[in-house]
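Here is the structure we will look at, set down as structure tokens.
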Amino acid sequence: MKFDYFSNRITVRNFNGRHIPDEKLTNIIERAMHAPSCGNMQLYSVIVTRDPSMKTKLAAQHFNQPASTGCDVILTICADFNRFSRWCKLSGAKPGYDNFHSFITALTDAVIFSQQIVTIAEMEGLGTCYLGTVNYNANDISNLLELPELVVPVASLAIGYPKGDEKQVERLPVRAVIHNEKYRKDSDQETLNLFKDKEEYPDNIKFVKENQKASLASVFTDIRYPKEMNEAVSKSFTKLLKIKKFL
Ligand SMILES: Cc1cc2nc3c(=O)[nH]c(=O)nc-3n(C[C@H](O)[C@H](O)[C@H](O)COP(=O)(O)O)c2cc1C
């Protein structure tokens, strides 16, 4: 059977130190810009961080995750209504994009653009890792990168050439995700069954043991993504949206 990139792709967190030429990175970003965008407004920008001292500072905002310290370049993709609003003003038109709806629109464009970068980079033999920590320290990242009004970081990518020691991780069964015509009402047992393979996946069993938890679910709720942390990040991100005039 033909090799299927999509069924085989993996996140890469360990890189071999090889440099990605600027032209290669620019070419990837330029091709990713063919991603669909709302009204073809292209409401995104990407900050390329290569300079070692900037990279050290930015990686610290990502809690020095190994992918952020060991990669060749960090891309911070921003929802950006600044450029478009400015163009409107300079053209004598009145922009109305300082609101939450416009943030969602720009966020959507930026996330689609990000994933397009990931796909093209991976197809070009590079490894990528999203850094979800971009949300946690969005205010400090925004200051570090000197982001103006109507520009908010929404995705970060660590990119480099892979070391080659990553392996694929499990997925839910397709049935969990597909709902025909209307949202299916699963019984409690059916819901538990959807997560059965995930719970039996050897790395997850190890994860539960290492964290001394009673279940995989509680590793998520108590350690990886606890309520207090979600609420604190919500609060600081809301503050940033206000500072950047989206709220
Ligand atoms: C929004 C988002 C945030 C993520 N944040 C992190 C992160 O902070 N650190 C990390 O190592 N991986 C991160 N990842 C990668 C996921 O852990 C990874 O995609 C998932 O475990 C599935 O693994 P796979 O991509 O190898 O199939 C993130 C992925 C997404 C989409």
Next item on the list: Treating cross-link reach as a plain straight distance, find the aspartates and glutamates whose alpha-carbon is under 20 Å from the alpha-carbon of K89, omitting any fewer than eight places away in the same chain.
Entry: D80, D98, E149
Note to self: If you average the C-alpha positions of region 128-189 and of region 31-75 separately, how far apart do those two centres end up, in angstrom?
What the structure shows: 14
Item checked: the chain - Kirkwood radius from inverse mean 1/r over Cα pairs (Å) -> 20.2
Item checked: Residues F81, F100 arranged by fewest to most Cβ contacts within 10 Å -> F100, F81
Check: How do C71, C88 line up, fewest other C-beta atoms within 10 Å first?
Finding: C88, C71
Notebook entry, point to check: Among M54, M229, which comes first, then next, by fewest other beta-carbon atoms within 10 Å?
Noted result: M229, M54
Check: How high is the FRET efficiency from T221 to S7, r the C-beta distance, R0 41 Å, rounded to 0.05?
Finding: 0.85
Check: Which net charge results for the neighbourhood of W87, defined as the other residues with beta-carbon distances under 14 angstrom from its beta-carbon, given Lys and Arg at +1 and Asp and Glu at -1?
Finding: +3
Notebook entry, point to check: How large is the dipole of the chain about the Cα centre if only Lys and Arg carry +1 and Asp and Glu carry -1, each at its Cβ, rounded to the nearest 20 debye?
Noted result: 420
Item checked: GNM result for the chain, Cα springs below 10 Å: residue of L216, L172, L58 fluctuating most strongly -> L172
Notebook entry, point to check: Given the options Q168, Q42, Q65, which has the most mean-square fluctuation in a GNM of the chain, springs set between C-alpha atoms less than 10 angstrom apart?
Noted result: Q168
Next item on the list: Work out how much length E149 to D197 would gain on full extension: take 0.36 nm times their residue separation and subtract the Cα-Cα distance, in nm to one decimal.
Entry: 12.8 nm
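Each value in this text was obtained by applying a stated rule to the coordinates, not by laboratory testing. As the structure is a prediction and not an experimental result, all values here were calculated from the model. Note that each Cβ is placed from the backbone with ideal geometry, even for glycine, and that neighbours are counted across all protein chains shown.
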